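Reading through the structure tokens given below for one structure.
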Amino acid sequence: MKIKYNTNYPTVEDLRKRAKRRIPGFAFEYLDGGCNEDVNLKKNTSDIRKVELIPRYLDKYTGSDITTTLFGQKYDAPFGIAPVGLQGLIWPNSANILAKAATKHNIPFVLSTVSTSSIEEISNITEGRFWFQLYHPAQNDIRDKLLKRAGDSGCGVLVILCDVPTFGFRPRDIRNGLAMPPKMSLKNIFQIIGKPSWALNTLKHGQPNFASLVPYMPGGLNLKGLGQFMNDTFSGRLSEEKIAPIRDMWKGKLVLKGVASEEDAEKAVKLGLDGIIVSNHGGRQLDAGQSTIEPLKAIAPKYGDKITVMMDSGIRSGPDIARTLASGAEFTFMGRPFMYGVAALGEEGGNHTISVLKAQLRQVLEQVCCEKISDLRNHLAK
């Protein structure tokens with residue numbers, strides 16, 4: 001197999017360690033941490049790794065193909081880049097870097113409403129081949145404007161988020177006074193001084209902000225005012241009543257992210273949605289909940305023939321992707337691995353991380369003698 005990545009960092013954990021050395025502590029802790037005591041953050045990955053695959057060495061085997069068709073679009077791999085808020089705080093210009101890499105490698109890139117790059121910027125980079133995740137605003141007027149901008153920009157898949165009815169209780173961020181821009185405590189200033197590469201890149205690209213939301217913000221907001229604007233604008237809880245008009249307005253594919261129960265999967269089917277992403281927001285919202293692989297095992301066999309079932313949260317490697325697909329997901333998404341990659345390697349971080357994950361996944365298929373992604377379920381150890 002031809003290696004096309006930096007061999008000094010052949011795993012996501014290698015990238016994570018380098019990212020920790022290169023970015024301020026408040027930015028790394030925002031990216032790396034979960035909520036409360038990180039119980040579900042850790043359980044997400046550890047439970048995925050309990051899944052075992054069976055190799056069939058004597059089966060007829062002609063080679064492996066990791067390409068995947070999703071919503072009528074053929075992708076080069078069965079994974080995409082999940083939406084991450086405040087990306088520019090973690091590493092300057094990171095959303096643009098990852099969008100370019102996703103386009104080059106022909107995998108989906110999902111832009112968050114609270115990213116630091118705008119809908120229009122990402123549309124230009126991806127030539128309109130991107131997904132958009134909507135945090136449902138309290139005001140329908142802002143919702144409608146965001147949907148129109150996404151549609152006009154060529155976005156074919158809209159992801160609506162249901163697992164943030166309230167902001168997560170994240171002790172690290174509370175201690176760090178995390179805001180956009182970050183609170184300039186003496187502790188945070190010393191952290192920035194100690195990370196000159198991050199500081200210089202931030203100066204080069206300018207102060208990050210919520211780029212897609214700038215048209216709806218009052219001018220001249222201080223930190224307190226910005227926090228109040230976000231609280232007031234995104235205080236709405238998603239419900240069936242709020243999803244129905246979005247289904248009527250949105251002409252492309254519509255996906256519900258944050259599904260963690262069979263009941264919500266059933267409602268998504270009844271509402272006429274095209275897909276669901278089984279997710280617990282990367283362990284950042286509910287520490288007392290299940291890991292994502294557990295509801296996936298129940299939801300996929302029951303609803304997989306009625307709606308496209310995908311998963312994110314806890315996936316950190318090619319073998320993790322294979323385990324998740326074997327457990328019933330048709331497609332997977334990851335957020336942290338790609339942000340570790342960009343924080344570790346800058347402009348090359350997106351290409352590197354995608355290449356590593358492709359190589360790892362292809363090796364798993366070759367090792368178990370699985371010719372295509374959809375056949376991975378036949379290798380699941382019962």
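The values are calculated or read from the model by the stated rules, or taken from the named source; none is laboratory data. What you see is a predicted model; the values in this text were computed from it and never measured. Don't worry about glycine lacking a Cβ; one is built from the backbone with ideal geometry, like all the others, and counts go over all protein chains shown.
Odds and ends about this structure:
- K60 meets all of the listed conditions (1) within 17 Å of T332 (Cβ to Cβ); (2) of a type in the set (K, R); (3) loosely packed, with under 13 Cβ neighbours inside 10 Å but one, namely (1).
- Given (1) in contact with a His (Cβ under 9 Å, 6 or more places away or on another chain); (2) among the small types (G, A, S); (3) surrounded by 22 or more Cβ atoms within 10 Å (Cβ to Cβ), number of the condition G168 does not satisfy: (3)
- Near pairs, Cβ below 6 angstrom, 6+ apart or cross-chain, from segment 281-308 (without any contact (Cβ under 8 Å) to a residue 40 or more places away in the chain) to any residue that is β-branched (V, I, T) and part of a helix (DSSP H, G or I): K306/V269
- Unmet requirement for Q73, which otherwise passes all of (1) at pLDDT 95 or above; (2) crowded, with 19+ Cβ neighbours inside 10 Å: (2)
- Filtered residues of segment 53-90 (kept if among the charged types (D, E, K, R) and either part of a loop (DSSP other than H, G, I, E, B) or touching a helix residue (DSSP H, G or I) at 6+ places or on another chain (Cβ under 7 Å) (or both)): R56, D59, K60, D76
- Any chance A322 is more than 30 Å from R22 (Cα to Cα), out of contact with any Ser or Thr (no Cβ under 8 Å at 6 or more places or on another chain), of a type outside the set (D, E, K, R) and in a helix (DSSP H, G or I): yes
- S94 satisfies every condition listed in (1) among the polar types (S, T, N, Q); (2) under 23 Å from K4 (Cα atoms); (3) modelled with pLDDT under 95 except (3).
- Top-ranked residue of segment 217-232 - restricted to ones that are part of a helix (DSSP H, G or I) and surrounded by fewer than 16 Cβ atoms within 10 Å (Cβ to Cβ), ranked as modelled with the highest pLDDT: D232
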